[in-house]
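Have a look at the structure below before the remarks.
The values are calculated or read from the model by the stated rules, or taken from the named source; none is laboratory data. Nothing here was measured: the structure is a model prediction, and the numbers come from that model. Methodologically, a virtual Cβ is constructed for each residue, glycine included, from the backbone with ideal geometry; neighbour enumeration extends over all protein chains shown.
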Amino acid sequence: MKPLRGVGGFTVIELLTALLILSLLALMSHRGLGAVLDAREHVSHETDKWRRVASFFARFERDVQLAAPRPVRAASGAAPAWRGRADATLEPRLEFSRFASAEGVDTTRRLAYRLNERQEIELWLWPGLDVAPHTVPVRYPVLTGVTAFDVYYLNADRAWVTAWPTAVLDPPIPQAVQVRIVLASGEDIVRVFALRS
């Protein structure tokens, strides 16, 4: 008679060890996948934020490049072609006349930019250059999540000033405009735009 040999298989300890190793691998994979998904969401959020900032600056640059040296008539009298206020809270920080674009998709009009209480930079659009009595501009938020919006103007002495015009002899439009915005996420961004004055 031949002795009985054990049937091939795994012991309970070997099975428990294999299950423990598989559990650890699954846990690490889950955490790794979670980190990848979190990173993907963060990158998507950051990409969207910077796309909106770039879109705002492109719009602002297009508007100021079309600035018109034409004063406007309003119910309160004449307004300068370019008006920059240093400490505007309820009024726009920057208001100016703008020619129509070459593409013909918009018209010659008066427009303004203002930071509102909801941390949005608003674009104000009047229907034309001269403002009729009781005409209210249409307001659009063009950038959200902004805690500071400062505008500076380059005068003939090559100095940055916080208001425009500062003197009677100032040209209708400054030589350049500098925009500084601070985002709610902490980024401080400064851009300078040369103007056709």
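Give region 171-190 a look and list any residue that's over 22 Å from ARG52 (Cα atoms), in a loop (DSSP other than H, G, I, E, B) and either among the aliphatic types (A, V, I, L, M) or touching a strand residue (DSSP E or B) at 6+ places or on another chain (Cβ under 7 Å) (or both), or say none. Hits for region 171-190 are PRO172, ILE173, PRO174, GLN175.
Listed here are the residues, each with its yes/no results for (1) farther than 30 Å from GLN175 by Cα; (2) without any contact (Cβ under 8 Å) to a residue 40 or more places away in the chain; (3) surrounded by 12 or more Cβ atoms within 10 Å (Cβ to Cβ); (4) of a type in the set (A, V, I, L, M, F, W, C).
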residue	(1), (2), (3), (4)
LEU25	yes, yes, no, yes
MET28	yes, yes, no, yes
ALA35	yes, yes, no, yes
HIS42	yes, yes, no, no
THR47	yes, yes, no, no
ARG52	no, no, yes, no
PHE56	no, no, yes, yes
ARG59	no, no, yes, no
ARG62	no, yes, yes, no
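If you filter region 134-174 down to residues that are surrounded by 14 or more Cβ atoms within 10 Å (Cβ to Cβ) and among the polar types (S, T, N, Q), you find that the one that is nearest to GLN65 (Cα to Cα) is ASN155.
Restricting attention to region 64-80, the residues that are assigned to a loop (DSSP other than H, G, I, E, B), aliphatic (A, V, I, L, M) and surrounded by fewer than 17 Cβ atoms within 10 Å (Cβ to Cβ) add up to 1.
So, in region 126-156, how many residues would count as being in a loop (DSSP other than H, G, I, E, B) and of a type in the set (A, V, I, L, M, F, W, C)? The number of residues fulfilling the criteria is 6. Scanning region 136-172 for residues that are in contact (Cβ under 8 Å) with a residue 60 or more places away in the chain and within 13 Å of the chain's Cα centre (by Cα) yields VAL142, LEU143, THR144, GLY145. Counting just the residues of region 89-115 that are assigned to a loop (DSSP other than H, G, I, E, B) and in contact (Cβ under 8 Å) with a residue 24 or more places away in the chain, which one comes out farthest from ALA78 (Cα to Cα)? Here the residue is SER101. Among the residues making up region 175-195, those that are in contact with a Leu (Cβ under 9 Å, 6 or more places away or on another chain) and either surrounded by fewer than 16 Cβ atoms within 10 Å (Cβ to Cβ) or of a type in the set (Gly, Ala, Ser) (or both) are GLN175, ALA176, GLN178, ILE189, VAL192, ALA194. The residue of region 82-133 that is modelled with the highest pLDDT, among those that are basic (Lys, Arg) and crowded, with 17+ Cβ neighbours inside 10 Å, is ARG114.
Looking across region 129-143, just one residue is in contact with a strand residue (DSSP E or B) (Cβ under 8 Å, 6 or more places away or on another chain) and of a type in the set (Ser, Thr, Tyr), and that is TYR140.
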